Amino acid sequence: MPETFQPRDPHKFAAALRRFDEENSRDPNSEIVSGISHPRELLYAQRLSDRVLRLCPDAGEKLRLAARCQHICRWQSPRENYPMTRTGYLKWRADLKKFHAEKSGAILRETGYDDDTIRRVQDLNLKKNFPADAEVRVLEDALCLVFLEFQFAGLAARSDDDKMINALKKSWVKMTGAARAEALKLNYGGREKTLLQRALNG
């Protein structure tokens with residue numbers, strides 16, 4: 001099916017995506033895919049963008065922008081900078097959302113976007129009005145599916161069963177029926193499949 005999406009200003013839209021990718025390409029952490037090393041956050045942004053479009057092929061400009069910058073420059077605020085407690089974890093997550101929103105806002109402003117567009121992209125970054133906001137739901141579905149497809153196995157390898165089952169339950173509750181159906185189509189290893197089944201069976 002041909003691409004029908006047309007941003008209001010194609011040059012500005014392309015410039016914003018390019019700037020997001022330039023920032024994420026600086027990630028010192030890497031991931032190997034098919035024998036090729038990729039900056040981790042650049043790869044993550046591309047995967048998230050792809051998943052958003054698979055869930056919502058007619059996604060608008062602001063949602064597409066938000067998907068590409070959702071975790072922008074995440075390595076600049078590592079988990080290790082916060083106490084290794086539940087409170088420390090929650091503070092890290094809250095601060096990260098604000099950091100990403102501020103970073104994305106600065107780049108959008110630099111590339112010529114207006115305040116209304118910047119505010120909307122930041123609201124999506126911050127997942128405001130979830131689950132009432134339909135675009136935020138698409139983004140959350142995409143985030144959960146990227147986690148399940150690309151991060152689940154690695155996290156499971158270094159976490160105990162109870163922690164993983166709890167994480168899976170939390171993700172599942174946030175997902176729409178359509179996203180859950182997509183999640184069940186993904187290829188999982190034996191342990192991951194067992195963990196998911198245990199999480200879904202309560």
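The values are calculated or read from the model by the stated rules, or taken from the named source; none is laboratory data. Remember, it's a predicted structure, so these values are computed and weren't measured experimentally. Using ideal geometry, Cβ is built from the backbone for each residue, glycine included, and neighbour counts are taken over all protein chains shown. Only protein heavy atoms, including side chains, enter the accessible area calculation; ligands, DNA and RNA are left aside. Shrake-Rupley method; radii C 1.70, N 1.55, O 1.52, S 1.80 Å.
A few remarks follow.
- Selection within the stretch 171-187 - under 18 Å from the mean Cα position of the chain (by Cα) and either modelled with pLDDT under 95 or loosely packed, with under 12 Cβ neighbours inside 10 Å (or both): Val173
Residue-by-condition table, conditions (1) modelled with pLDDT of 95 or more; (2) more than 25 Å from Leu53 (Cβ to Cβ); (3) assigned to a helix (DSSP H, G or I):
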{"residue": "Arg93", "(1), (2), (3)": "no, yes, yes"}
{"residue": "Lys103", "(1), (2), (3)": "yes, no, yes"}
{"residue": "Arg120", "(1), (2), (3)": "yes, no, yes"}
{"residue": "Asp123", "(1), (2), (3)": "yes, no, yes"}
{"residue": "Lys128", "(1), (2), (3)": "yes, no, no"}
{"residue": "Val138", "(1), (2), (3)": "yes, no, yes"}
{"residue": "Met164", "(1), (2), (3)": "yes, yes, yes"}
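- Exactly one residue among Pro78, Pro83, Pro57 is surrounded by fewer than 18 Cβ atoms within 10 Å (Cβ to Cβ) and within 22 Å of Val138 (Cα to Cα), and that residue is Pro57.
- Of all the criteria given as (1) open to solvent by 60 Å² or more (accessible area, probe 1.4 Å); (2) under 30 Å from Tyr89 (Cβ atoms), the one not satisfied by Leu48 is (1).
- Pairs with Cβ under 8 Å, 6+ apart, first in the stretch 36-52 and free of Cβ contacts under 8 Å to residues at least 24 places away in the same chain and over 13 Å from Arg26 (Cβ atoms), second part of a helix (DSSP H, G or I) and not acidic (Asp, Glu): Ser49/Arg64; Ser49/Ala67; Ser49/Arg68
- Meets criteria (open to solvent by 10 Å² or more (accessible area, probe 1.4 Å), within 17 Å of Ala14 (Cα to Cα) and under 16 Å from the mean Cα position of the chain (by Cα)) for Arg68: yes
- Residue match in the stretch 110-119 (condition: on the phi < 0 side of the Ramachandran plot, open to solvent by 60 Å² or more (accessible area, probe 1.4 Å) and either of a type in the set (Lys, Arg) or touching a strand residue (DSSP E or B) at 6+ places or on another chain (Cβ under 7 Å) (or both)): yes
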